[in-house]
Structure formats: structure tokens, C-alpha cells
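The values are calculated or read from the model by the stated rules, or taken from the named source; none is laboratory data. Bear in mind that the values here come from a model prediction, so they are computed numbers and not experimental data. For neighbour counting, all protein chains shown are included, and Cβ atoms are generated from backbone atoms with ideal geometry for every residue, glycine included. With ligands, DNA and RNA removed, areas are computed over all heavy atoms of the protein, side chains included. Shrake-Rupley method; radii C 1.70, N 1.55, O 1.52, S 1.80 Å.
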Amino acid sequence: MKKIISLSSCTVLFLMANFSACNTNELPQDFPHKPKAPQYQNTASFFNSVDSLNNEFNLDASTRAPSGWGALTYAVDGILGFVGGACTSGFGGFLIGSVASEAYARYGDYVEKKLNSSSIINVNDDLIPKKFDTPTTTAFVGNVGTTSLGVIHNHVLTDLAYSTASYIDINGNVAYNELLEDCCDSLKKYDVDCSDLLADQTQKKNIVGLLDVSIKTFSECGQGSISFDESFEILKSEILKRYGDVPNFDFEMLKDMEKKLSILPLMHNDSIYNYATKLNKIIEDSKLTTSQKSDVKQICDISVNSALYWNAVNEVSK
């Protein structure tokens, strides 16, 4: 089956809060202070609609957090892709989301083998099929051109699948520099150039640090060592440490949306196509603002496509 679902545009629009001038006598006692990002409005009604959709598929995941190693792949992709776009602006979401997915899969393969064996002599990348066609679809069209973050994400993962590099050393460390460079080269094929982002050594250091903490934290979650909420709080702390407050970035919305999407790993791809079509309509019909809808679509776009990709990988690997 050759389909991928695209739900959103390629970039996230973040609007800086507007502040009116005021008299010095009216200044709050804690002035000066950083402006706080406005909390998302109308999310309760929206999430209730998503819960109803999940119930419709008889796979209600609305009250539980994602669990299990493979079941978390979609969440790692969606969260890091969205975070990448918000924290680095421009094409950061394409780069960070794709690298996060590949690194998590390879690192997870290593950890699972280590847990099942007293020693590992070398790392095999048999998790990734050598001959694999990216599933594609025209069921959804992004707002920019005819593609989306999720579509390109899967094309890049397919390119990386053909790489001879394992991206994991004998000690289980991810070769981030090599993985970032290969991902960057792949993205250029799809008219996405992240060269300037990687040339900035401070940016690159922050990206690698964020990726490494995220991969290892969610791997602990996948093994059941910590909860999804706990892993998300660690990620949140890492983002704040490296990037500070990100304008209009709502951590709770991101976490809650990924929890709702924990239904994805329970589905076959045919069901995912149907689910995503209905989810897209729920987003469009909701009372969320245009900016909020764009954010939610970004998250869903990457997560849905991630689930489709890794389902296809598992089928080929059988």
C-alpha cells in the first residue's frame, strides 16, 4: 500500500503577544517580566471530540498514556518535529523530527537487543529494510505547495533506510553528527535546506543535546521505567534550559494531543487513513483559532505519518 496522509503546512506560525503601553503607576510589582504565552482556548471541547472519535474506533486511548517501545515512536516524531519547528524556526522541524525518529528506532533496536542478550558484538540495522518504498497518499494536501512535514519526514526516513551507516556505535551511542548530515543531505532533495542551521555551532549543540535527552528519556518510558508524563516533563525542562520560553508554545496542549494520538499504534494503516480523515475534519470544525489549528495539524501530520511509516516497515520486515 502506498499512501501517506498530509494534514498541515510546512511551517508553524507563532504570533508574538501584543502589549499596550501603560502608566508607570500601573506597572505590576514583578515588572519587568517575560510575557507569558497565552493558554490554548476551547481545547476541552476539541479534545472531547477527539475522544469520541477514538471511541468510534473501539480503541479508546483517551485516558491512557502511550506505552511500549514501538508504540512511542509516533510520539517521539510528533513531539520533536513540532518542538524543532518552534525552537529553531524555519526548517528545524523537518530536520529534528526526522533525526529523532531514526535515532529512536536505531537506539531502541540496540537497547532491545542488549536486554535480550548478555553481550552485543556488533550492532545490526536489520530493523530497517534495505528495499523499501515510501508509502504516499493524496488524501490530504498541505497549505504550502502539495506536501507537508509528515510527507517529507517519511521520504527522509526512507532515504536513511538505504544508508550503510548504523548511526549507533558499539556502546549504544547515537552518531548524531553523521545522522544530522545525512538527514540534511536527504532534505535537500525535497527543497529543504538546513545547512545554515547545522553551520551554527550553538544551534547544532542545542539540537544534539535536545535529541539525546529526548531519545534516552522516551526509551526509559518505552521500557516502563518512567511514565509518559514524567518523560515529557524532562523534555520540557530541557527545552526551557536550551531555548527559554518559546512564544505561544503550549506544552500541555502538545502532551495532551500526543496522548490522544496514542491510538495510532493500535491501528492498521487502512484504519489510520480513515481515522486521519475524520480527525482532520474535527480540527477544521473546532472552535480553535487558526493558529491553534495549524499547531494541532502539525503535530497530527508528523504523528500520523510516523505511524504509517513504521507500520509499513514492520510489514516489510516480517
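Out of 238, 233, 252, which single residue is open to solvent by 10 Å² or more (accessible area, probe 1.4 Å) and farther than 19 Å from residue 215 by Cβ?
None of the others qualify; the one that does is 252.
Which members of region 151-187 meet the condition of being hydroxyl-bearing (Ser, Thr, Tyr) and touching a Lys or Arg at 6+ places or on another chain (Cβ under 6 Å)?
Looking only at region 151-187, we keep the residues that are hydroxyl-bearing (Ser, Thr, Tyr), and these are 158, 162-164, 166-167, 176, 186.
The one that is hydroxyl-bearing (Ser, Thr, Tyr) and touching a Lys or Arg at 6+ places or on another chain (Cβ under 6 Å): 167.
Within region 243-276, track down each residue that is outside any helix (DSSP H, G or I) and more than 19 Å from residue 70 (Cβ to Cβ). So that I can check it myself, show each step before the final result.
Keep residues of region 243-276 that are outside any helix (DSSP H, G or I), which gives 244-250, 267-268.
Residues satisfying the conditions are 244, 245, 246, 247, 248, 249, 250.
Within the set of pairs 6 or more residues apart or between chains, which connect a residue that is in contact (Cβ under 8 Å) with a residue 60 or more places away in the chain inside region 214-229 to a residue that is open to solvent by less than 10 Å² (accessible area, probe 1.4 Å) and of a type in the set (Phe, Trp, Tyr) with Cβ atoms less than 6 Å apart?
Correct list of pairs: 215/104; 221/228.
Could you tell me how many of the residues in region 219-230 are open to solvent by 70 Å² or more (accessible area, probe 1.4 Å) and not small (Gly, Ala, Ser)?
First pass over region 219-230, keeping only residues open to solvent by 70 Å² or more (accessible area, probe 1.4 Å): 220, 223, 225, 230.
Narrowing the set further to residues that are not small (Gly, Ala, Ser) leaves 220, 223, 230.
Within region 219-230, residues that are open to solvent by 70 Å² or more (accessible area, probe 1.4 Å) and not small (Gly, Ala, Ser) number 3.
If I go through region 285-317 residue by residue, how many of them are more than 12 Å from the chain's Cα centre (by Cα), assigned to a helix (DSSP H, G or I) and among the polar types (S, T, N, Q)?
Final tally of qualifying residues: 7.
Among the residues of region 192-218, count how many are farther than 12 Å from residue 242 by Cα, touching a helix residue (DSSP H, G or I) at 6+ places or on another chain (Cβ under 6 Å) and surrounded by fewer than 16 Cβ atoms within 10 Å (Cβ to Cβ).
Residues that pass the stated criteria total 0.
Of all residues in region 164-191, which are polar (S, T, N, Q) and either open to solvent by 40 Å² or more (accessible area, probe 1.4 Å) or more than 19 Å from residue 113 (Cβ to Cβ) (or both)? Before you say what the answer is, go through the steps one by one.
Restricting attention to region 164-191, the residues satisfying the condition of being polar (S, T, N, Q) are 164, 166, 171, 173, 177, 186.
Within region 164-191, 164, 171, 173, 177, 186 meet the criteria.
Give just the number: which of (1) touching a helix residue (DSSP H, G or I) at 6+ places or on another chain (Cβ under 9 Å); (2) at pLDDT below 85; (3) open to solvent by less than 60 Å² (accessible area, probe 1.4 Å) does residue 110 not satisfy?
Just one mismatch for residue 110, condition (1).
For region 191-213, give me each residue that is assigned to a loop (DSSP other than H, G, I, E, B) and in contact (Cβ under 8 Å) with a residue 60 or more places away in the chain.
192, 193, 194
Could you tell me how many of the residues in region 200-226 are within 18 Å of residue 77 (Cα to Cα) and not aromatic (Phe, Trp, Tyr)? Walk me through it before giving the result.
Here is the first cut: in region 200-226, the ones within 18 Å of residue 77 (Cα to Cα) are 206-223.
With not aromatic (Phe, Trp, Tyr) added as a condition, the list becomes 206-217, 219-223.
Going through region 200-226 one residue at a time, the tally reaches 17.
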